[in-house]
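Remarks on the structure that follows.
Where a number appears in this text, it was derived from the coordinates with a stated rule and is not lab data. Owing to the predicted nature of the structure, the values given are computational and were not obtained by experimental measurement. Here the Cβ positions follow ideal geometry from the backbone for every residue, glycine too, while neighbour counts run over all protein chains shown.
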Ligand code: KG4
Ligand code: ZN
């Protein structure tokens, strides 16, 4: 069995999976409430909460799996990208367990982890496929031709799609994290009520900062009372622009790379309009779309593990590789 550990942002998570990708346990301790009042994740608070949570969360994952330490043959842990202080907590815990139990360790790229959420469960997706990866920190289009790697064809030049949702929600007076809030509100709004721009950047890249500015000006021009009255229309129109940008790129990459199957991973994959706009795309179950450790354990199946001694010198990294 494989133990996965994830602490790259504001979720402390641990999971146990079988070598063929069945999830035996997946425990996620969210810190959302600690960051909500600041309107975003505060790195120092995240690190401290991870420190408190990581031990109990790992114990709970082992207990819930019914496997225990003795059944674990490999550890997968997120190495980056993410908040370095947060990553170091999970990485240090993983190193300590690897060393104490003599277990091999796989340092996992968090983005590869999101892709590997597609390889879990009874009907794992098999490459090749074109993949949209959209989270709070990253927005990329990938060509996936084998389970252990991906080729990045496009990325965001500024904000991530999830970040655009979160910042838009803030402008509309909705709580953090805002993606699910906009999603819910948009169900009651008219997506054609306002016309927000879809950035036209070259290649397969994305840009969401102009969209955010456009919402800012619209909200300012409308004034508080009108915004309150038309909040659902604003949310629906704003969401429409993000979804259009995402689906357009995914289709373009699939066509350019000759990939007939589509997949969406990352927290934004929870978005109901995005799902409806891509009925043919494979999306992992919701609990494996947002940050979790089962996807990290899944990715750890496709890389050569390090010995406990080699693992001790592994360092965390902040930016995408
Ligand atoms: O993958 P994830 O859990 O964490 C990162 O690695 O960033 O993604 C979190 C992001 C947040 O920006 C959140 O607002 C967004 O996913 N999100 C959504 C929805 N649910 C979560 N965005 C749009 N619609 C949703 N239903
Ligand atoms: Zn993530």
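The radius of gyration of the Cα set in the range 58-180, together with its Dmax, comes out at 17.4, 51 angstrom. Per-residue ellipticity at 222 nm from helix content only, as computed over the chain with -39500 (n - 2.57) for each DSSP H run of at least four residues, stands at -13500 deg cm²/dmol. Per residue, the convex hull spanned by the Cα atoms of the range 36-125 measures out at 134 cubic angstrom.
Taking a ≥ b ≥ c as the square roots of the Cα gyration tensor eigenvalues, the range 247-302 comes out oblate, since a/c reaches at least 1.5 and a/b does not exceed b/c. Listing 34, 194 from fewest to most neighbouring C-beta atoms within 10 Å gives 34, 194.
Checking the a/c ratio against 1.5 first, then a/b against b/c, what shape does the Cα gyration tensor give for the range 208-252? Oblate shape, in that a/c is at least 1.5 and b/c is the bigger or equal ratio.
Bridge orientation summary for the chain: considering DSSP beta bridges with both residues in this region, about 60 percent are antiparallel. Note on the range 176-321: Cα-only Rg and Dmax are 19.2, 62 Å.
Net length available on complete extension from residue 96 to residue 33 is 19.8 nm, with 0.36 nm assigned per residue and the Cα-Cα distance removed. Computed as a quarter of the hull surface, the mean projected area of the alpha carbon convex hull for the range 134-196 stands at 5.9 nm². For the pair the range 72-101 / the range 220-245, the C-alpha centres are spaced 41 Å from each other.
Taking square-rooted eigenvalues a ≥ b ≥ c of the alpha carbon gyration tensor, is the range 75-134 rounded, prolate or oblate, where a/c under 1.5 means rounded and, failing that, a/b exceeding b/c means prolate?
oblate
The label point for residue 45 and the one for residue 152, both projected 7 Å from the Cα toward the Cβ, are 2.8 nm apart. Computed on the Cα trace of the range 179-229, the radius of gyration divided by the Kirkwood hydrodynamic radius gives Rg/Rh = 1.02.
Over all distinct Cα-Cα pairs of the chain, the Kirkwood formula returns a hydrodynamic radius of 20.0 Å. Cα centroids of the range 1-23 and the range 143-202: 26 Å apart.
Highest GNM mean-square fluctuation among 228, 263, 297, for the chain modelled with Cα contacts below 10 Å: 228. Rounding to the nearest 10 and keeping the result within 0 to 90°, find how far the Cα-based axis of helix 209-222 lies from the longest principal axis of the chain. Taking the Cα atoms of the chain, the angle to 209-222 is about 40 degrees.
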